[in-house]
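**Student:** The structure's right below; bear with me while I get my questions together.
Taken together, the values in this text are just the output of simple stated rules run on the coordinates, not laboratory data. Here the structure is a predicted model, which means the values were calculated and not measured. Positions of Cβ are generated from backbone atoms using ideal geometry, with glycine treated the same way; all protein chains shown enter the neighbour counts.
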Amino acid sequence: MSEIHIRRARREEVGTIVEMLADDHLGAQRETLDDATPYLRAFDVIDADPHQLLVVAERDGDVVGTLQLTFIPGLSRRGATRALVEAVRVRSDQRGGGLGVTLMKWAVDEARRRGCALVQLTSDGSRTRAHTFYERLGFEPTHVGFKLTL
């Protein structure tokens, strides 16, 4: 396979990113491909915020993966900055070939480069294969997450 290039996402790639977000059992329930407006609005906010980084993985000119990193400054842990990994997706025809590992290692390296003390993520309880994947990369399931839908 050819080389993977990870870079900041571009606005014109939002549709492709949303397709990847929708391409699993959870995403299919919460994403819609019929109206790009809310996604484009969200992209503009993300792209303008220096604490946000939405990236894509590109192979041979095609977007084949994505993730979002949020850098959270805080007072705890002696004023440490955390990196929060969100929305990790690999295009379905690219799964199982190591692209997820490449994306996550890139995210950890970027967090380290930006001086973060911790990289964290949440994963839906039903994504047991993803949990195994993250644990293989050294992530530990140390917390219980809570959400409140508004």
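**Student:** For the chain, what is the mean residue ellipticity at 222 nm derived from helices alone (per DSSP H run of n ≥ 4: -39500 (n - 2.57); sum divided by total residues; nearest 500 deg cm²/dmol)? Provide the component values of the computation, followed by the final result.
**Tutor:** Values: 6 runs with 53 residues, N = 150.
After summing the helix terms and dividing by residue count, I get -10000 deg cm²/dmol.
**Student:** Enter the mean projected area of the convex hull around the alpha-carbon atoms of segment 6-150, in nm², rounded to one decimal.
**Tutor:** Numbers: hull surface 38.3 nm².
Average of the hull's projected areas for segment 6-150 equals 9.6 nm².
**Student:** At a Förster distance of 25 Å, what's the computed FRET efficiency of residue 146 paired with residue 87, Cβ-Cβ distance as r, to 0.05? Present the calculation step by step, with values, prior to reporting the outcome.
**Tutor:** Working: r = 19 Å, r/R0 = 0.76.
With a Förster radius of 25 Å, E is 0.85.
**Student:** Another question, if that's okay. Write down Rg/Rh for segment 1-40, rounded to two decimals, with Rg from the C-alpha atoms and Rh from the Kirkwood relation over Cα pairs.
**Tutor:** On the way: Rg = 12.1 Å, Rh = 11.5 Å.
Ratio of gyration radius to Kirkwood radius: 1.05.
**Student:** On a C-alpha basis, how far is the centre of segment 107-150 from the centre of segment 58-74 in Å? Whole number, if you could?
**Tutor:** 15
**Student:** To the nearest 0.05, what FRET efficiency results for residue 31 and residue 78 with a Förster distance of 30 Å applied to their C-beta separation?
**Tutor:** On the way: r = 38 Å, r/R0 = 1.28.
After rounding, the FRET efficiency stands at 0.20.
**Student:** How big is the dipole moment of the chain about its Cα centre under a simple scheme where the beta carbon of each Lys and Arg is +1, that of each Asp and Glu is -1, and everything else is neutral? Debye, nearest 20, please.
**Tutor:** Values: 21 positive and 22 negative charges, 166 e Å.
Dipole about the Cα centre, nearest 20: 800 debye.
**Student:** If you count the DSSP beta bridges with both ends in the chain, what percent of them are antiparallel, to the nearest 5?
**Tutor:** Working: 21 of 25 bridges.
For the chain, the DSSP antiparallel bridge percentage is about 85.
**Student:** Follow-up. With each label point set 7 Å from Cα along the Cα-Cβ vector, what nm distance links residue 23 and residue 117?
**Tutor:** Placing both labels 7 Å beyond Cα along the Cβ direction yields 3.9 nm.
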